[in-house]
1. Confirm whether Y71 is over 17 Å from the mean Cα position of the chain (by Cα), aromatic (F, W, Y), modelled with pLDDT of 95 or more and over 23 Å from N144 (Cβ atoms).
2. I need the full set of residues from the stretch 19-61 which are among the charged types (D, E, K, R) and over 19 Å from K72 (Cα atoms), in order please.
3. What's the number of the condition R50 fails, among (1) modelled with pLDDT under 95; (2) over 16 Å from K121 (Cα atoms)?
4. For the stretch 147-163, which positions are surrounded by fewer than 11 Cβ atoms within 10 Å (Cβ to Cβ) and either modelled with pLDDT of 95 or more or assigned to a loop (DSSP other than H, G, I, E, B) (or both)?
5. Would you list the strands (runs of 3 or more DSSP E) that sit entirely within the stretch 1-89 and hold 1 or more residues that are touching a strand residue (DSSP E or B) at 6+ places or on another chain (Cβ under 8 Å), exposed (fewer than 12 other Cβ atoms within 10 Å of the Cβ) and not hydroxyl-bearing (S, T, Y)?
6. In the stretch 90-122, what residues are of a type in the set (D, E) and not in a loop (DSSP other than H, G, I, E, B)?
7. So E19 clears everything in (1) over 26 Å from V113 (Cα atoms); (2) modelled with pLDDT of 95 or more except one condition, right? Which one?
8. Kindly list, by first and then second residue, each pair from a residue in the stretch 14-43 that is free of Cβ contacts under 8 Å to residues at least 12 places away in the same chain to a residue that is in a strand (DSSP E or B) and β-branched (V, I, T), limited to pairs with Cβ atoms under 6 Å and residues at least 6 apart or on different chains.
Amino acid sequence: MRIPIVNEQDEIIGYEERETRNPKHICRVTGLWVTDKDQNILLAQRALVRKFNPGMWGPAVSGTVEEGETYKSNIIKEAREEIGLVNFKLILGPKNRVSSGHEYFGQWFTAIVDNDYLFVKQIEKVENIKWFAKSEIIKLLDENPAMFSKNFRSYLNLFSPDK
C-alpha cells in the first residue's frame, strides 16, 4: 500500500510503500477520540499480532492515510473497518506534527457515540474495545503506563483536560 509523503507544510511531495517507508519521511495519520454523553472514553486495544504496539491500549480508531485518501475519508474508513462504527457525526479536531522516531502529521477527529452502540471489532487489528471513565484511565496510566500506546497521556490531556 502506497502512502503520501509530505513536507513540513503537510504538502504531498511523493509516495512510498508503507512497509518500506523511510521512518524519517513524514506521513499522515488519523485518530478518532470517541466519548459518550457521560464523558466516558472509548479505547481500543491493538491486536496482539500487530507489528507496532501489539496489545497496547490507545484511541478508539487510528490509521495511516493511503494514496488517494484525505484525512477525513481515511478516518471514516478506519472507523468502519476497525470497530464497525458507521453513520456518526464526525467533528474535526486538532492536527499536530509528531517527531518521535516515526515522523507524521496527526489529524484528530472526535465523535460522541451512545455507550450502547454495538461495536464490531476487526480481529486482525483490534483485540478489545472498552469504555473507560477518565479517572480509571489516569489510574491505569500511573500504575502501568506500558499498557498504553506512546504519547497516550498527551492525547488524554488534549481531549479531556483537567478542568
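The values are calculated or read from the model by the stated rules, or taken from the named source; none is laboratory data. Small disclaimer: the values here were computed from a predicted structure and weren't measured. Quick reminder, even Gly has a Cβ in these numbers, built from the backbone with ideal geometry, and neighbours come from all protein chains shown.
1. Answer is no for this residue.
2. Passing the criteria: E19, R21, K24, D36, K37, D38, R46, R50, K51.
3. Of the numbered conditions (1) modelled with pLDDT under 95; (2) over 16 Å from K121 (Cα atoms), the odd one out for R50 is (2).
4. Correct list: P161, D162, K163.
5. Hits in the stretch 1-89: 12-17.
6. E103
7. If we test E19 against (1) over 26 Å from V113 (Cα atoms); (2) modelled with pLDDT of 95 or more, just (2) comes out false.
8. From residues that are free of Cβ contacts under 8 Å to residues at least 12 places away in the same chain, the pairs are G14/I5.
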